[in-house]
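Okay, structure first, notes after.
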Amino acid sequence: MVVGDVTTGTDVLIIGAGPAGYAAAIRAGQLDLDVTLVEKEAYGGTCLNHGCIPSKALISATNVAHEAGNAEEMGIHADPAVDLSAMVGWKDGVVDRLTSGVEKLCKANGVNVLEGTATFADETTVRVSHERQGQGSERLEFEHAIVATGSRPIEIPGFPFEDGPVLSSREALALESVPDSLVVVGGGYIGMELAGVFAKLGTDVTVIEMLEDVLPGYEADLARPVKKRATDLGIDVHVGYTAAEWHDRDDGEGIRVLAEPAGEVSADGGVEALEEEALEFDAEKVLVAVGREPVSDALELGNAGLEPDDRGFLETDDQGRTALERIFAAGDVAGEPMLAHTGMVEGQVAAEVIAGEPATLDYQAMPAAVFTEPEIGTVGLTEAQAEEEGFEPVVGKFPFRASGRALTAGHADGFVKVVAEEREGFVLGAQIVGPEASELIAELGLAIELGATLEDVAATVHTHPTLAESVMEAAENALGKAIHTLNR
């Protein structure tokens, strides 16, 4: 039986149950608002189901196998056998546990969850379609709405994801057999993370990046150890090239990917072709990981009088509000930085503002991490950014090769760098490349948030031997009094 439109109402409508959406829903429920959360697929969105969590699960699992099989220096000799299907099954179990937890938390906080697709009818109403359930649709009136529809992988011309050998990150994370060879298009954080996963599984991996180096957006000294480690793993990296097309090989043994010089920008802004010749790569699969784009095109935002920008993002103010008083946006759909933890904060702030709380967004101490080998963690300003903002920065640095804990763990590549304001010593930023960088960066984010100085960090006694001592030593180095490295 198909039921016609039935109109109901809610204080806060949230579209999308990814990190931004479910965090907003839970916080709004905690603030005693009537909350309705609409999700068309699964709790947790891309992050929990097809991105952050499954990728980190496979990174952890492949690291275990690779380290066990490459620890002769420690006197360990092993040849681990990897069952990718079983590994993926374990990964799926982790995902199910987390998504189930999110569902329970939403319900425990009084969130009304609707499975379906929401589209705007006007500035105060959406229509929720329940096509998969055969129950027609319903109209939902709201006092406020939070759009948290997330993002999706970007397709590039000639490489549609529906073609069998062409994978997005979502399909790559669900493979149940190890491809013999893989071309990765895009040397950003997603491409480099997954390149490492498959290289450690025994796949011959080639990375094609159109810009001048991998991990664009990160300082060269941070990207350098990652690129070196990729080379050590046998990953073939080609920068300054774009993937032009692919076709089946004549012998039926896989595919061939054509890469052409990306060109360079001339003084007048035009693009000049480089002299390098096109390259061809044979592979079993090709993974396209050139970035992500917001999911805003199916919302019928025009019916509400709201238009995204030319890239599809919804512009917001420092409280998450769009151009319309009633409608907010949070997470990837609201633009950079497109990070799950950023989305969580944005969702919570939006919910608090709707509830009348004096909340605002502050990105000053927003960390970012790349889960390559070695990892990268950043927060706050780089030295160059500090100078651009008018500070006179002082920089302290400590190499992990001088860390007893890093050496005993067999991971001594990289460093901790701390950037501070020279006169008063306030910590302005930090960049880490090395073991557990994603964890270590939190201490320096807290330092920025609390207005701590180099003296505060240096005077905090850190347990020995730990990787965290490197943070203390970097602060001491900036002050000219490091013990375990030469001072500048």
Hits in region 17-37 - residues which are touching an Asp or Glu at 6+ places or on another chain (Cβ under 8 Å) and not small (G, A, S) | R27, L31, L33, D34, V35
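Listed here are the residues, each with its yes/no results for (1) modelled with pLDDT of 95 or more; (2) closer than 13 Å to G187 by Cα; (3) exposed (fewer than 15 other Cβ atoms within 10 Å of the Cβ); (4) in the same structural domain as A195 (by TED's automatic domain parsing).
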| site | (1), (2), (3), (4) |
| --- | --- |
| I208 | yes, yes, no, yes |
| A220 | yes, no, yes, yes |
| V237 | yes, yes, no, yes |
| T242 | yes, yes, no, yes |
| A259 | yes, no, no, yes |
| V265 | no, no, yes, yes |
| E284 | yes, no, no, yes |
Which residue pairs have Cβ atoms under 7 Å apart, sit 6 or more places apart or on different chains, and have a first residue in region 406-421 that is more than 13 Å from P225 (Cα to Cα) and a second that is of a type in the set (S, T, N, Q) and surrounded by fewer than 23 Cβ atoms within 10 Å (Cβ to Cβ)?
-> V419/T382
Filter result (under 17 Å from E346 (Cα atoms) and among the small types (G, A, S)) within region 297-330 = G320, A323, A329, A330
Candidates G191, G187 - the one that is free of Cβ contacts under 8 Å to residues at least 60 places away in the same chain, among the small types (G, A, S) and not in a strand (DSSP E or B) | G187
So which of F120, F198 is modelled with pLDDT of 95 or more, farther than 27 Å from A20 by Cα and crowded, with 20+ Cβ neighbours inside 10 Å?
-> F198
With region 124-177 as the region, which strands (runs of 3 or more DSSP E) entirely inside it contain at least 2 residues that are at pLDDT 95 or above and among the aliphatic types (A, V, I, L, M)?
-> 125-129, 137-147
Taking region 463-485 and keeping only residues that are in a loop (DSSP other than H, G, I, E, B), under 28 Å from the mean Cα position of the chain (by Cα) and polar (S, T, N, Q), one is left with T466
Do we find a residue being closer than 30 Å to H66 by Cβ, modelled with pLDDT of 95 or more and either surrounded by fewer than 22 Cβ atoms within 10 Å (Cβ to Cβ) or not β-branched (V, I, T) (or both) anywhere in region 473-482?
-> yes
Where in region 6-110 are there helices (runs of 4 or more DSSP H), lying fully within it, with 3 or more residues that are touching a Pro at 6+ places or on another chain (Cβ under 9 Å)?
-> 45-50, 52-69, 84-108
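For every residue, the table says whether it meets (1) modelled with pLDDT under 95; (2) surrounded by fewer than 20 Cβ atoms within 10 Å (Cβ to Cβ); (3) under 22 Å from V197 (Cβ atoms).
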| residue | (1), (2), (3) |
| --- | --- |
| R27 | no, no, no |
| L37 | no, no, no |
| E41 | yes, yes, no |
| A78 | no, yes, yes |
| L84 | no, yes, yes |
| D96 | no, yes, yes |
Does region 392-401 contain at least one residue that is under 18 Å from A369 (Cα atoms) and either buried (at least 19 other Cβ atoms within 10 Å of the Cβ) or among the polar types (S, T, N, Q) (or both)?
-> yes
Take L182 and decide whether it is buried (at least 24 other Cβ atoms within 10 Å of the Cβ), touching a residue at least 40 places away in the same chain (Cβ under 8 Å) and part of a strand (DSSP E or B).
-> yes
If you check A118 against the conditions, is it in contact (Cβ under 8 Å) with a residue 12 or more places away in the chain and aliphatic (A, V, I, L, M)?
-> yes
Scan region 392-405 residue by residue and report those that are part of a helix (DSSP H, G or I) and out of contact with any Pro (no Cβ under 6 Å at 6 or more places or on another chain).
-> F400, R401, A402
Which ones in region 205-222 are in contact with a Gly (Cβ under 9 Å, 6 or more places away or on another chain) and assigned to a helix (DSSP H, G or I)?
-> L222
When you go through E352, E346, E357 one by one, which is the residue that is surrounded by fewer than 18 Cβ atoms within 10 Å (Cβ to Cβ), of a type outside the set (K, R) and in contact (Cβ under 8 Å) with a residue 60 or more places away in the chain?
-> E357
Conditions (1) modelled with pLDDT under 95; (2) closer than 30 Å to V128 by Cα; number of the one not met by G254 | (2)
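The values are calculated or read from the model by the stated rules, or taken from the named source; none is laboratory data. All values derive from a computational prediction rather than experimental measurement. Here Cβ is always computed from backbone atoms with ideal geometry, including for glycine, and neighbour counts include all displayed protein chains.
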